[in-house]
1. Which angle between 0 and 90 degrees, to the nearest 10, do you get for helix 252-282 versus the longest principal axis of the chain when only C-alpha atoms count?
2. If packing is taken as the average count of other Cβ atoms within 10 Å, what order do 237-248, 175-186, 146-157 fall into, highest mean first?
3. With a 10 Å cut-off between alpha carbons and a GNM built on the chain, which of Lys122, Lys112, Lys208 moves the most?
4. Would you work out what percent of the accessible area of region 89-196, with all protein chains in place, is carbon or sulfur (probe 1.4 Å)?
5. Hey, what's the Cα Rg ratio for the chain versus the globular rule of thumb, 2.2 N^0.38 Å?
6. With a 1.4 Å probe and every protein chain left in place, work out the accessible area per residue of the chain in Å², rounded to a whole number.
7. Would you calculate the separation in nanometres between label points at Leu278 and Leu256, each defined as 7 Å from the Cα along the Cα-to-beta-carbon direction?
8. Can you tell which of Ile75, Phe101, Gly128 lies farthest toward the positive end of the dipole of region 1-154, using +1 and -1 charges on the Cβ of basic and acidic side chains (Lys, Arg; Asp, Glu)?
Amino acid sequence: MKTPVASSDRGQGPYLRRFSNLDRGLHLAVIISFFGLVMTGIPLHFSHTRWAQAIMRLHGGADSSGFIHRVCAIITFGYFFTHIGSVFVRAARSDNWKSFFWGPNSMVPQPKDVRDIFQMFKWFFGKGPPPQFDRFSYFEKFDYWAVFWGVAIIGGSGLLLWFPEFFASFLPGWSFNLATIIHGDEALLALGFIFTIHFFNGQLRPEKFPVDVVIFTGRARAEYMKEEHPLEYERAEREGRLAELEVPAPGRALYLWSVIAGMSLVALGFSLVVIIILTALFAH
C-alpha cells in the first residue's frame, strides 16, 4: 500500500528546519499527556454511558485510571514549565528581548494578526487575496494560547482536587465544588477545540490533507514554507539564512511513524467527539 503523502513533503526544494528537537519533544509530550488525560477523565464525565464504562474497564478500573490521569498531569506540568523556562532562556540570550516578544517570531498576538483575520474573511468572500503569514499565523497563535489557558485553568483546578487536605487549610469549601465544575467543563471544552478546530487547521484543511507531519519531523520542503509562511521564507532568503536552515530529508521510519501517528490521532479524536455529541443528543 502506498504511503499517503504529507503536505509538508509535497512540492519542490530542499527541506528546511521549522521546529527544533525541543519543540518536537514538547509537542509529543502534549499529545501523550492530553490523550491520556482525555481517555481517563472523560469517562467520569459520562459515567452513566456504556462506552465510558468500557473505556474505564480498558484502563483497568477507576484506581488505575486515576493513576494514569495523575501521571499525565505530571507530564503536563513538566512540559508547561519546561517551555516557559526555554522561552526565558532564549529571551535572555537574544540581542533584543523586546523584539523577541514583539517580533515576527513571537507567539504574542500583534496588530498584524488582527489585520490577517480581516483579510482572511475578505478572501473567503472573494474580496481580496489570502493573508501572507510570517512564522506563526493568527490561528496557530490562538491554538498556542488555548493550550496555555487550558493548562493553567484545568491544571490549577485539578491540583485542588488532587490535594484537597492541603488547599482546604486556607480555601473555603465551596472552592472545591467550583473546581470540580471548572475542571470537567473546561476539559470538555479543550477536547472539543483540539479535536475539531485544531485538527482541522493543522491536518484537514485542503492544503494540509490528509496529514501534515512537520511538527513530528521538524522540517518541511521550501515550497511548503513559501505557501504556508511566505514572509518567514522571504526574510530568511533576504538575510541569507536559507542555507543554514537546510536539513536532510526525514528518514523513512520517522516519516512513516509521523503519517501513521497523525492520521490515527485525528481519527481517534474525531471519533470521540462524535460519540460525545451523540451522547448529548440521544442519551437519557
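The values are calculated or read from the model by the stated rules, or taken from the named source; none is laboratory data. The model shown is predicted, which means the values in this text are computed figures rather than measured ones. Neighbour counts run over all protein chains shown; Cβ positions are idealised from the backbone, glycine included. With ligands, DNA and RNA removed, areas are computed over all heavy atoms of the protein, side chains included. Shrake-Rupley method; radii C 1.70, N 1.55, O 1.52, S 1.80 Å.
1. So the helix axis and the longest Cα principal axis differ by about 50 degrees.
2. Highest-to-lowest ranking by the protection proxy: 146-157, 175-186, 237-248.
3. Lys122
4. 72
5. Scaled against compact globular proteins, the figure is 1.12.
6. Heavy-atom accessible area per residue stands at 58 Å².
7. 3.3
8. Gly128
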